[in-house]
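> Take a look at this one; I'll ask things after.
The values are calculated or read from the model by the stated rules, or taken from the named source; none is laboratory data. In this text the structure is predicted, and so the values were computed from the model without any measurement. Please note: Cβ atoms are built from the backbone with ideal geometry, for glycine as well, and neighbour counts cover all protein chains shown. Only protein heavy atoms, including side chains, enter the accessible area calculation; ligands, DNA and RNA are left aside. Shrake-Rupley method; radii C 1.70, N 1.55, O 1.52, S 1.80 Å.
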Amino acid sequence: MIGLIDSQNIAVNNTAVIQRLARAIAFSDGEFSLLLACCNSVGKQEQILSLLKEFSTVDVKEVVISPKAETLYTKVVSELGSTQPDALVVRGLESVEAINQLIISTNLIRDELAKQFKFPLVLFINEDILRKLVRLAPDLKDWAASTFRFQSSSQKELVKC
């Protein structure tokens with residue numbers, strides 16, 4: 001079904017997507033998986049993360065990438081140290097100045113992610129970054145277990161079900 005959706009339907013849809021994301025995180029159960037959470041609104045990302053922490057059966061840690069970041073792996077490792085969280089959400093990628101370089105470098109070391117991280121890694125991205133992943137790092141994009149798409153109430157788009 002394709003149609004315009006209103007704010008109430010957006011909330012219902014987003015809640016269902018959050019629940020699916022929480023299940024995917026729980027299903028990883030101490031194993032690495034890459035999950036993409038696509039949301040164009042930074043404010044909505046914060047709301048989604050808050051609800052995800054409520055729905056999740058595991059402890060979800062958050063890392064915010066700075067605009068000056070050049071690599072994802074280094075930032076995550078420096079934030080975590082030797083700890084391995086149950087799940088990790090990375091936000092702030094839409095503000096990274098050298099996003100193309102960050103995507104390319106992450107693609108090059110994707111095998112290292114699975115070796116070093118024994119938890120699901122959720123990347124909050126927007127549509128622009130998703131397109132860049134497809135273009136610059138198709139292997140990394142294909143490696144992602146799933147892309148969870150969230151709508152914001154300011155969007156007047158068609159939703160494909």
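> Here are K53, K61: which of them is open to solvent by 60 Å² or more (accessible area, probe 1.4 Å), touching a Leu at 6+ places or on another chain (Cβ under 9 Å) and of a type in the set (D, E, K, R)? If you could, list the steps in order and put the result at the bottom.
Numbers: K53 fails: touching a Leu at 6+ places or on another chain (Cβ under 9 Å).
Being open to solvent by 60 Å² or more (accessible area, probe 1.4 Å), touching a Leu at 6+ places or on another chain (Cβ under 9 Å) and of a type in the set (D, E, K, R) holds for just one of K53, K61, which is K61.
> Which condition does I103 not pass, out of (1) buried (at least 17 other Cβ atoms within 10 Å of the Cβ); (2) modelled with pLDDT of 95 or more; (3) within 27 Å of N13 (Cβ to Cβ), if it passes all the others?
(3)
> Looking at (1) over 29 Å from A137 (Cβ atoms); (2) in contact (Cβ under 8 Å) with a residue 24 or more places away in the chain, can you tell me which one V12 breaks?
Tallying (1) over 29 Å from A137 (Cβ atoms); (2) in contact (Cβ under 8 Å) with a residue 24 or more places away in the chain, V12 fails exactly one: (2).
> Okay, next question. Looking at region 73-87, which of its residues are in contact with a strand residue (DSSP E or B) (Cβ under 8 Å, 6 or more places away or on another chain) and under 19 Å from D29 (Cα atoms)?
First, pick out the residues of region 73-87 that are in contact with a strand residue (DSSP E or B) (Cβ under 8 Å, 6 or more places away or on another chain): 75-76, 79-80, 85-87.
Residues satisfying the conditions are L80, P85, D86, A87.
> Sticking with this one: What number of residues in region 23-37 are without any contact (Cβ under 8 Å) to a residue 12 or more places away in the chain, part of a helix (DSSP H, G or I) and not basic (K, R)?
Selection size over region 23-37: 1.
> Which pairs turn up if I take residues in region 46-60 that are over 15 Å from L88 (Cβ atoms) and look for partners that are open to solvent by 60 Å² or more (accessible area, probe 1.4 Å) with beta carbon separation below 6 Å, at least 6 apart in sequence or on another chain?
Final answer for the pair search is F55/Q19.
> Does region 74-96 hold any residues that are open to solvent by 60 Å² or more (accessible area, probe 1.4 Å), farther than 20 Å from E46 by Cα and either in contact (Cβ under 8 Å) with a residue 12 or more places away in the chain or basic (K, R) (or both), and which are they?
Q84
> Residue under question is S146, and the condition is that it be among the small types (G, A, S) and within 17 Å of I65 (Cβ to Cβ); does it hold?
Considered against the rule, which asks whether it is among the small types (G, A, S) and within 17 Å of I65 (Cβ to Cβ), S146 comes out as no.
> Another question, if that's okay. Looking at region 121-128, can you tell me whether even one residue there is open to solvent by less than 60 Å² (accessible area, probe 1.4 Å) and either assigned to a helix (DSSP H, G or I) or modelled with pLDDT under 95 (or both)?
Looking through region 121-128, at least one residue is open to solvent by less than 60 Å² (accessible area, probe 1.4 Å) and either assigned to a helix (DSSP H, G or I) or modelled with pLDDT under 95 (or both).
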